[in-house]
């Protein structure tokens, strides 16, 4: 009879081990699936510059090259470390006047407002400037002006995970490569 109890005890322990192993595997799969789901909708905002020096045309685009939408929480432009205030595209217009007061140009500005959901693979031209007239800036002047500007966009994934596009950080990362 003692042998029967010991086989019952072994069977009970084996069943408990199998059940705990199955539970552990299920939890691990759930954590892995959740991590995968979050990564599969991660936005990544960045900028892209187009330079057509022959036509004195310069453009900077905002891109979401991630694999999920980006909910814009904050949009800030600074020139020489000073924040530029205003509504809609007004900060970009003011920044251009600070950067190129001695030149004639035609410009197009856009912006993304707080609460805007930028879809994956979406691209928006933030600013396009075409210089005109007899006096034109050199490529070096335009490059220097671009370096004086800082764009900061705080955004979230649909899971509420925060991230930030900061052109100062982008420039320092690219200069290391």
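Coordinate-derived values only; no laboratory data. Values in this document were obtained by computation on a predicted structure and should not be read as measured data. Positions of Cβ are backbone-derived with ideal geometry, glycine not excepted, and every protein chain shown enters the neighbour counts.
For percent of Cα pairs over 22 Å apart, the listed values are (1) 58; (2) 42; (3) 38; which was obtained by calculation from the structure presented? Looking at percent of Cα pairs over 22 Å apart for this model, the match is (1).
For the peptides 41-53, 66-78, residues were scored by their other Cβ atoms within 10 Å and the scores averaged per peptide; the highest-first order is 66-78, 41-53. In terms of the Cα gyration tensor, with a ≥ b ≥ c the square roots of its eigenvalues, is the range 99-177 rounded because a/c is under 1.5, prolate because a/b exceeds b/c, or oblate? Note, shape of the range 99-177 comes out oblate. Take the alpha carbon gyration tensor of the range 79-134, find the square roots of its eigenvalues, order them as a ≥ b ≥ c, and report rounded if a/c is under 1.5; if not, report prolate when a/b exceeds b/c, else oblate. Cα axes put the range 79-134 in the oblate bin. Computed from Cα atoms, the angle from the helix 90-99 axis to the main principal axis of the chain rounds to 60 degrees.
Using only Cα atoms and rounding to the nearest 10 degrees, what angle (0 to 90) does helix 139-148 make with the longest principal axis of the chain? Taking Cα atoms only, the helix is inclined about 50 degrees. From most to least packed by mean Cβ count within 10 Å, the peptides 18-27, 91-100, 153-162 give 91-100, 153-162, 18-27. Once both labels are positioned 7 Å from their Cα atoms along Cα-to-Cβ, the gap between residue 34 and residue 108 label points is 4.5 nm.
Distance between the pseudo-spin-label points of residue 159 and residue 19 (7 Å out from Cα toward the beta carbon): 3.2 nm.
Taking only Cα atoms, what is the 0 to 90° angle, nearest 10, from helix 167-176's long axis to the longest principal axis of the chain? Between helix and principal axis, roughly 80 degrees. Looking only at the range 115-147, which residues have a backbone nitrogen under 16 Å from a spot 7 Å from the Cα of residue 74 in the C-beta direction? Output list for this probe position: 115-116.
In this simple spin-label model, placing a label point 7 Å from the Cα along the Cα-to-Cβ direction at both residue 11 and residue 55 gives a separation of 8.3 nm.
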